[in-house]
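The values are calculated or read from the model by the stated rules, or taken from the named source; none is laboratory data. Fair warning: this is a prediction, and the values are worked out from it, not measured in the lab. For neighbour counting, all protein chains shown are included, and Cβ atoms are generated from backbone atoms with ideal geometry for every residue, glycine included. Keep in mind that these areas ignore ligands, DNA and RNA; they rest on the heavy atoms of the full protein, side chains included. Shrake-Rupley method; radii C 1.70, N 1.55, O 1.52, S 1.80 Å.
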Amino acid sequence: MKFLIILAVSVVAGVFSGEHLHSFMAGFGIASLAVGTAYWLAFRATRYPQLAFMLLLTGLMAKMGVTVAGVMWGLENQVINSPLVFALSYLFFSIVATYGYFKLREYQLTRLETVKFANA
């Protein structure tokens, strides 16, 4: 149900931002890449718990770096022609991508526990 709501809101927002679709897609791409990079770095902490804080900070810095580089690229190539549409889509897709990655992590941990329980 949540997936359908996210999909519906994304499609409606894309339709409403039809004149500024490039800005909308830039917000989607940059947010997804930034959150994915931070997720990939931060969740290495489960393998190395003594480095958890450093990996979280590294993930935060990577997210900021990807965001700044993406916005600079988008402005330089005139992909972002509406800052408001870009900012709203970046905010929305940053939240959605974070939700998606945490759901993925929850699924992976549940599956790992199931395999451990079956082998025990």
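What to note about this one:
- Average accessible area per residue (Å²) across the chain - probe 1.4 Å, nucleic acids and ligands excluded: 71 Å²
- Modelled label positions at residue 60 and residue 3, each set 7 Å beyond Cα in the direction of Cβ, lie 3.3 nm from each other.
- Projecting the Cα atoms of 50, 72, 28 onto the charge dipole of segment 20-120, computed from C-beta unit charges around the Cα centre, puts 50 farthest toward the positive end.
- Check: the chain dipole with +1 on Lys, Arg Cβ and -1 on Asp, Glu Cβ, in debye: 520 debye
- The accessible area of residue 40, taken with all protein chains in place and a 1.4 Å probe, comes to roughly 140 Å².
- The helix-based estimate of mean residue ellipticity at 222 nm for the chain, built from -39,500 (n - 2.57) per DSSP H run of four or more residues and divided by its residue count, is -29000 deg cm²/dmol to the nearest 500.
- Within a Gaussian network of the chain (alpha carbon springs, distance under 10 Å), most fluctuating of 90, 39, 101: 101
- A simple spin-label model places pseudo-atoms 7 Å from Cα toward Cβ; at residue 91 and residue 104 they are separated by 2.5 nm.
- Principal axis dimensions, the chain - Cα atoms, whole angstrom, descending: 57, 35, 16
- Counting only lysines at least 8 places from residue 116 when in the same chain, those with an alpha carbon closer than 25 Å to its own are 103.
- When only Cα pairs below 8 angstrom with a gap of at least 6 residues are kept, the chain shows a relative contact order of 34 percent.
- Loop-resident sites, segment 63-112, for trypsin sites (Lys or Arg not before Pro), counting at most 15 other Cβ within 10 Å (DSSP): none
- For residue 33 and residue 119, a Förster radius of 41 Å and the Cβ-Cβ distance give a FRET efficiency of 0.70, rounded to the nearest 0.05.
- Residue of 66, 96, 12 that the Gaussian network model of the chain assigns the largest fluctuation, springs spanning Cα pairs under 10 Å: 12
- Charge context of residue 108, other residues only, Cβ under 14 angstrom, K/R +1, D/E -1: +4
- Working ranking of peptides 20-27, 77-84 by packing, defined as the average number of other Cβ atoms within 10 Å per residue, highest first, is 20-27, 77-84.
- FRET efficiency for residue 50 and residue 112, using Cβ-Cβ distance with R0 set to 22 Å, rounded to 0.05: 0.60
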